[in-house]
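Okay, so here's the structure we're looking at.
The values are calculated or read from the model by the stated rules, or taken from the named source; none is laboratory data. All values reported here derive from a predicted model rather than from experimental measurement. Here the Cβ is made from the backbone with ideal geometry for all residues, glycine too, and neighbour counts use every protein chain on show. Ligands, DNA and RNA are stripped out before the accessible areas are found, and what is left, the full protein with its side chains, is counted by its heavy atoms. Shrake-Rupley method; radii C 1.70, N 1.55, O 1.52, S 1.80 Å.
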Amino acid sequence: MPLILQTSDIDSLRSRARDVDVAQFDAAKPSGITLPALLELVCSWSMWSQSAGTALRQIIDGWSQDLPDLRHARKLFAMGDSPKTPGSFDAPRKELWHIRSRSDWADDPAFLFQARFRRSLEKHGFGKKLSLALSKAMQEMADNIIQHSGPDEEHPAVGLVGYHVDGQWMTYAVADVGRGVLASLETNPKWSTLTESGNALRAAVYQRASRRVNSPYGTGFSEVQKSLADLNGTLRFRSGDASLTLVGQRAARQAIFSSNPYLVGFQLAVTCGLAVDSSIRALPHEA
């Protein structure tokens, strides 16, 4: 059976790396990778780049040979250097975007990226209204990198944003290697008593906690959940050593909290379809 790397595999790799035991991954030859796993793997690779052992770096290098999307994502993350951008009015099934400064998400090229996501959603059956809501939710989450990942909004952490769209199905993901949700909220006296990443995620998702002193309640996560209210969706939030996964429609959405092998920054992935679909979808191979 083909090996498609998922976020659980990246969790396992980080756990093994902590114990300096990555032998089980030596022979792994992945045939594909999901978008959420790709972004979490690149964040893990960035965290390990200075300290991880040679064996771990060799595993990631080997996977990069098998997975063009991983090679591309590593380049974007390391250098902010993007290959040829799709045409302004294209509607590609997948695309990655890097964020290294405020202008990377505020200038025209980023708006065109967002527009391509919206057009791809429309092309694959989501309709104009829903496509606009989903693209706005992705925009809100990428804004999160600018506003909260670094010491101030002019100096965000390095991050990536991506989408993958198929017939009546889509996923988008946002990831950075900044200070994470807990450290961000600790700068606001209202939330300074939080001491664990899991509690910080709860506060951000359920209580609209924000680092802003004059506006302690944020709207980003609520916008994401609104856009998915009546869809069969999965939301994965992770930061530090904790993750929160929300599954299902609004009326019966289940919340799953779990401890997680430590990873710097904040990572979010949203997946949904117009019909129940539990299949695992690797990023398509076309450029």
Next item on the list: Read through the list (1) at pLDDT 90 or above; (2) more than 23 Å from GLY198 (Cα to Cα); (3) not in a loop (DSSP other than H, G, I, E, B); (4) not charged (D, E, K, R), then give the number of the only condition that ALA251 fails.
Entry: (1)
Notebook entry, point to check: Applying the selection to the range 7-26, what residues are of a type in the set (A, V, I, L, M) and modelled with pLDDT of 90 or more?
Noted result: ILE10
Check: Can you tell me which residues in the range 60-111 are among the acidic types (Asp, Glu) and more than 30 Å from PRO151 (Cβ to Cβ)?
Finding: ASP61, ASP66, ASP69, ASP90
Notebook entry, point to check: Which is closer than 25 Å to GLY125 by Cα and at pLDDT 70 or above, of GLY240, GLY198, GLY233?
Noted result: GLY233
Item checked: Matching residues in the range 90-147 - criterion: being more than 19 Å from the chain's Cα centre (by Cα), among the charged types (D, E, K, R) and within 21 Å of GLY273 (Cβ to Cβ) -> ARG119, GLU122, LYS123, LYS128, LYS129
Margin query: Please go through the range 100-130 and give me each residue that is open to solvent by 80 Å² or more (accessible area, probe 1.4 Å) and either touching a Lys or Arg at 6+ places or on another chain (Cβ under 8 Å) or not charged (D, E, K, R) (or both), ordered by number.
Written below: PHE111
Next item on the list: Among the residues of the range 21-47, count how many are without any contact (Cβ under 8 Å) to a residue 60 or more places away in the chain, in a helix (DSSP H, G or I) and open to solvent by 30 Å² or more (accessible area, probe 1.4 Å).
Entry: 3
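Given the criteria among the aliphatic types (A, V, I, L, M), assigned to a helix (DSSP H, G or I) and either modelled with pLDDT under 80 or at positive phi (or both), does ALA55 qualify?
For ALA55, the condition - among the aliphatic types (A, V, I, L, M), assigned to a helix (DSSP H, G or I) and either modelled with pLDDT under 80 or at positive phi (or both) - is met.
Among the residues of the range 117-150, write down those that are among the charged types (D, E, K, R) and under 30 Å from ARG179 (Cβ atoms). Explain how you work it out, then say what you get.
The first filter runs over the range 117-150 and keeps only residues among the charged types (D, E, K, R), leaving 118-119, 122-123, 128-129, 136, 140, 143.
Scanning the range 117-150 gives LYS136, GLU140, ASP143.
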Notebook entry, point to check: Is it fair to say SER215 is at pLDDT 80 or above and of a type outside the set (Lys, Arg)?
Noted result: no
Check: Which one of these is within 26 Å of ASN232 (Cβ to Cβ) and buried (at least 17 other Cβ atoms within 10 Å of the Cβ): ARG202, ARG179, ARG211?
Finding: ARG202
